[in-house]
1. Pairs under 7 Å by beta carbon, first residue touching a residue at least 24 places away in the same chain (Cβ under 8 Å) and more than 26 Å from SER182 (Cβ to Cβ) in the stretch 39-64, partner of a type in the set (Ser, Thr, Tyr) and open to solvent by less than 30 Å² (accessible area, probe 1.4 Å), six or more apart or different chains?
2. Mind listing whichever residues of the stretch 203-213 are assigned to a helix (DSSP H, G or I) and either modelled with pLDDT under 80 or open to solvent by less than 50 Å² (accessible area, probe 1.4 Å) (or both)?
3. Of the residues VAL19, VAL24, which is open to solvent by less than 50 Å² (accessible area, probe 1.4 Å), assigned to a helix (DSSP H, G or I) and modelled with pLDDT of 85 or more?
4. Could you pull out the residue among SER166, SER200, SER159 that is of a type in the set (S, T, N, Q), in a helix (DSSP H, G or I) and at pLDDT 80 or above?
5. Can you tell me which residue is farthest from the chain's Cα centre (by Cα) among those in the stretch 119-151 that are open to solvent by 70 Å² or more (accessible area, probe 1.4 Å) and closer than 25 Å to LEU189 by Cα?
6. What pairs come up if the first residue lies in the stretch 98-115 and is of a type in the set (Gly, Ala, Ser), the second is at pLDDT below 95 and open to solvent by 30 Å² or more (accessible area, probe 1.4 Å), and their beta carbons are under 8 Å apart, counting only those six or more places apart or on different chains?
7. Are any residues in the stretch 98-118 open to solvent by 30 Å² or more (accessible area, probe 1.4 Å), assigned to a helix (DSSP H, G or I), touching a Ser or Thr at 6+ places or on another chain (Cβ under 9 Å) and closer than 18 Å to ILE190 by Cβ, and if so, which ones?
8. Looking at ALA82, is it modelled with pLDDT under 90 and surrounded by 17 or more Cβ atoms within 10 Å (Cβ to Cβ)?
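The values are calculated or read from the model by the stated rules, or taken from the named source; none is laboratory data. Values in this document were obtained by computation on a predicted structure and should not be read as measured data. Cβ placement follows ideal geometry from the backbone for every residue including glycine, while neighbour counts extend to all protein chains displayed. For accessibility, only protein heavy atoms count, side chains too; no ligands or nucleic acids. Shrake-Rupley method; radii C 1.70, N 1.55, O 1.52, S 1.80 Å.
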Amino acid sequence: MISLIQKDFLIAKRMTLSVAMLAVALPLFLTWVGGDIVLPASVVLAMMSILLTMMLMTTIDQEEEKYPKARALLTTVGYRRATHVLHRYVLVTLAFLYCTLVYTVESLVVTTLALPTALDLAFAAFSFFLMASLYLALVTKFGARAGQYIMMAVILAISLGPVILSTFHVKLNLGFVQSFSSGVFTFVLIVAGALGVILSLAISLSIDQKKEL
């Protein structure tokens, strides 16, 4: 599996380097734009990890689509079909862990970046893996073009979401969250996120087994 992950990084080498640098630059850019406002760690981490991972995965998928016989060749030399599917889930997990590490280190030295709590990390992980699971299942079913559409939707949501909420004076009522302790809510988010990934993985494995190589 490690060799498959290395293969993905190599075929999208430029994008991999770009994502690595953007993960460092993006939180700093947001603090510069926000001025003295302390940005919520959960929101910043969720947005940056989703956006950057989608950028990386769509590039990898587009590159692999140029060589349709490569997957069949790798399968014939010993890489099981299930391993091909599973390694993609491992890849997005590594991307999220990298973004989390970079953000956490920067939050220790930049005062306008909030240091993430366990609840912040759980919320960011839940949001990230929900989107990543949807992406991976749809791309497995419909190919790289589906990934491009999801990427466009993510960019529009991140760019226009706050504006739409402000323009139409949409208020999110999160009062029910206060009825839970932070520990309980953190646990619920982790369990929900894990179940979403497991379901997505099962669906992707089922779809992949039925595809012709």
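1. Within 7 Å, the pairs are MET54/TYR135; MET57/TYR135.
2. Within the stretch 203-213, SER204, ILE207, ASP208 meet the criteria.
3. Only one candidate qualifies: VAL19.
4. Checking each option against the conditions leaves just SER200.
5. PHE123
6. SER107/LEU115; ALA114/VAL38; ALA114/LEU39; ALA114/PRO40; ALA114/ASP120
7. ALA118
8. When the stated conditions are applied, ALA82 does not pass them.
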